[in-house]
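Comments concern the structure below.
The values are calculated or read from the model by the stated rules, or taken from the named source; none is laboratory data. Everything numeric here is computed off the predicted structure, so don't read it as measured data. Don't worry about glycine lacking a Cβ; one is built from the backbone with ideal geometry, like all the others, and counts go over all protein chains shown. The accessibility values were calculated without ligands, DNA or RNA, using every heavy atom of the protein model including side chains. Shrake-Rupley method; radii C 1.70, N 1.55, O 1.52, S 1.80 Å.
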Amino acid sequence: MVGLVPTMGAFHEGHLSLMRRARECGCVVVSVFVNPTQFGAGEDYQRYPRELDRDAALARKVGVDVLFAPSVEDIYPAGGSTFVEVTGLTEGLCGAHRPGHFRGVATVVAKLLNIVAPDRAYFGEKDYQQLQVVRRMVRDLRIPIEIVACPTVREPDGLAMSSRNAYLSPEERRAAAVLSCALTTAQAMVRAGTMGADDLLTRTAEIIAAEPLARLQYAELVHPETLTPVESVGPEAVLALAVFIGETRLIDNLRLTAG
Ligand code: AMP
């Protein structure tokens, strides 16, 4: 069996956890490709960290068999005019704030799946909407591949690992813990019996607002599969956040469960 872990490189423990999980397949392929079509104008495509030598050494250490680092021309041949668009699921959350982002994601993932032809592909729950979009695309296009979801790996203070955390100043890095703090507070409220989206989202916004370096872009309580807003947790919902810490946009989410 072949397992594929698609990434944009600048590996951290989150990436490595996907690679370790993928070792359940006999052959592990990791792709490193900073995908231009998923970045909007004015986003961080140019400055996105590129550390291929370091990534190769880390991948080797965790037992990756093949590191696939295509060029932009490899993935987007001149004159290309085909894109993959998943409708509905991509309209809310990050899709509402990053027009075209998920079209870029779906397109590059479809291409990588075609090139590598794995049996399984591994994605992190950290990028929850991306995971659902990829699942839907694979199902709709009848791509004969199993999508495996892997849990979010966090720093000791709760911050979800991300290549973009490298942009944070030491002060911003401390402030960034506010995302996971808001999520775990919401989970505690649910356990204590608060199920309503209004109450949970109000508290979430208050926690973010109390951090001077943070600015909330969105906080939403959504159905785990359809990603449509729900009025209450029950029995399960996903609380999804996008927050600017200074100039750096971070996302995080937590599946809230009643009981
Ligand atoms: P990226 O390189 O940021 O595009 O991420 C590549 C893959 O790693 C995606 O499937 C992400 O969801 C996953 N990933 C990124 N950060 C984490 C994390 N902290 N924990 C688990 N998976 C992650």
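Key figures
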read-out	value
Most mobile of 158, 92, 26 in a GNM of the chain (Cα contacts under 10 Å)	26
Helix 128-140 axis, angle to the chain major axis (alpha carbon atoms, nearest 10°)	50
Kirkwood hydrodynamic radius of the chain, Cα pairs, Å	19.1
Pairwise centroid distance, computed over Cα atoms, of segment 109-146 with segment 64-100, Å	12
Segment 198-252-segment 1-23 distance, computed between alpha-carbon centres (Å)	27
Selected from 103, 47, 135 as most flexible by GNM, with the chain as the system and alpha-carbon contacts under 10 Å	47
Length released on extending from residue 140 to residue 60, taking residue separation times 0.36 nm less the Cα-Cα span	25.4 nm
For segment 167-231, alpha-carbon Rg over 2.2 N^0.38 Å	1.21
Per residue, in Å², the accessible surface of the chain once ligands and nucleic acids are set aside, probe 1.4 Å	47
Between helix 197-209 and the chain: long-axis angle, C-alpha atoms, 0 to 90°, nearest 10	80
Helix-only CD estimate at 222 nm, as mean residue ellipticity for the chain, using -39500 (n - 2.57) per DSSP H run (n ≥ 4)	-10500 deg cm²/dmol
Cβ-derived FRET efficiency at R0 41 Å, residue 27 paired with residue 185, nearest 0.05	0.45
Computed accessible area, residue 194, all protein chains, 1.4 angstrom probe, square angstrom	40
Added length on full extension, which subtracts the Cα-Cα distance from 0.36 nm per residue, residue 149 to residue 12	47.6 nm
Degrees, to the nearest 10: 177-191 long Cα axis against longest axis of the chain	60
Loop-located GluC sites (Glu not before Pro) in segment 23-93 whose Cβ has at most 16 other Cβ within 10 Å (DSSP)	24, 43, 51, 85, 91
Residues of segment 126-166 with amide N under 19 Å of a point placed 7 Å along Cα→Cβ from residue 223	128-140
Charge dipole magnitude, Cβ of K and R +1, D and E -1 - segment 1-132, Cα centre, debye nearest 20	240
Cut-off under 5 Å, modelled amide H: who pairs with residue 249 long-range	none
Surface/4 of the Cα convex hull for segment 156-197, nm²	3.7
The chain: most fluctuating residue of 217, 46, 130 per GNM, C-alpha cutoff 10 Å	46
Three-way shape call for segment 1-153 based on the alpha-carbon gyration tensor, with the a/c threshold at 1.5	rounded
